[in-house]
Amino acid sequence: MERLGRPLYDLGLPLSRRLGILCDTAADIWRPAADCGLPTGAEKARSLAEVVVRLWEELDHPCSEAALDYALGAARRRELAHRDEKAVLVHGDVHQLNALESGDGFKLVDPKGLLAEAEYDLGTLMRGDPVELLAGDPRDRAYWLAARMGLDPVATWEWGAVERLTTGLFCTQIQQQPLGRDTLRTAEAVTGLAI
């Protein structure tokens, strides 16, 4: 076993530096892995949609129906966009607590492995740091991430919409605040925005 160091979270780096590190570290994983037995991006989109609907009902509608419909529409589009021949192995939960120091770089731990479009991992970066996301135009992060990695900003944005609402509802359910409130507030603020 390899001994890893501190999580990226503990280093106090500026957001743009953290996002760059997380992009590069995620990209180290992306490779074709057909027939590996992992869930597909289409399956993940369907399961996230089911979780969102269930939690929204169980929590007595902690965000607007418009925010719910927006995330469900994004999930449906990502489900339909899935192509086995283009799918790669993705980590599935890229964030600064899952990136640990390793030599002069970082390694990701706690994977939720999927066979999906690489933009899925960028979408998880769209859900994190919700307060900072609203400090400017939220779409700028999707454009920046996608351009940096040579990927699609629309897919990045849509995965972010689904992941953001799922995370906001889940954090609300387990009473992880203020993250739940901040993430749901961000989900509301981006409702209706498109790339």
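Counting only the backbone N, which residues of the stretch 84-116 are under 14 Å from the spot 7 Å out from the Cα of Glu2 toward its beta-carbon?
In the stretch 84-116, the label zone of Glu2 (backbone N under 14 Å from the point 7 Å along Cα→Cβ) covers 99-111.
In a shell of Cβ-Cβ distance under 11 Å around Gly105, excluding Gly105 itself, what net charge do Lys and Arg (+1) and Asp and Glu (-1) give?
Numbers: positive: Lys107; negative: Asp24, Asp28, Glu101, Asp104.
Spelling it out: positives minus negatives among the neighbours equals -3.
Please work out how much accessible surface Ile21 shows to a 1.4 Å probe, ignoring ligands, DNA and RNA, in Å² rounded to 10.
Only protein atoms counted, so the area is about 10 Å².
Ignoring ligands, DNA and RNA, what percent of the 1.4 Å accessible area of the chain is carbon and sulfur? Walk me through the intermediate numbers first.
On the way: 5020 of 9560 Å².
On the chain, the fraction of accessible area on carbon and sulfur atoms equals 52 percent.
Packing-wise, with mean Cβ within 10 Å as the measure, how do 177-186, 146-155, 114-123, 9-18 rank, highest first? Don't skip to the end; give the middle numbers.
Working: 177-186: 18.4, 146-155: 16.9, 114-123: 27.2, 9-18: 12.8.
Those peptides, ordered most packed to least, come out 114-123, 177-186, 146-155, 9-18.
Using a probe radius of 1.4 Å on heavy atoms only, what accessible surface per residue do you get for the stretch 146-193? Whole Å² is fine. Can you show the working numbers first?
Details: 1930 Å² over 48 residues.
Here the residues of the stretch 146-193 average 40 Å² of exposed surface.
Once the Cβ-Cβ distance between Asp104 and Glu132 is put in as r, and R0 is 25 Å, what FRET efficiency do you end up with, to the nearest 0.05?
Values: r = 26 Å, r/R0 = 1.05.
Using R0 = 25 Å, I get an efficiency of 0.45.
With all protein chains present and a 1.4 Å probe, how do Ser64, Ser102 order by accessible area, largest first? Provide the component values of the computation, followed by the final result.
Working: Ser64 40, Ser102 20 Å².
If we order Ser64, Ser102 from most to least accessible, we get Ser64, Ser102.
Using r as the Cβ-Cβ distance of Ala66 and Arg31, and R0 as 30 Å, what FRET efficiency do you calculate, to the nearest 0.05? Show your work: numbers first, answer last.
Numbers: r = 38 Å, r/R0 = 1.27.
Efficiency for this residue pair is about 0.20.
The values are calculated or read from the model by the stated rules, or taken from the named source; none is laboratory data. Predicted model, so just to flag it, every value in this text is computed and none were measured. Glycine also receives a Cβ, built like all others from the backbone with ideal geometry; neighbour counts cover every protein chain displayed. Accessible surface is based on the protein model in full, side chains and every heavy atom, while ligands, DNA and RNA are left aside. Shrake-Rupley method; radii C 1.70, N 1.55, O 1.52, S 1.80 Å.
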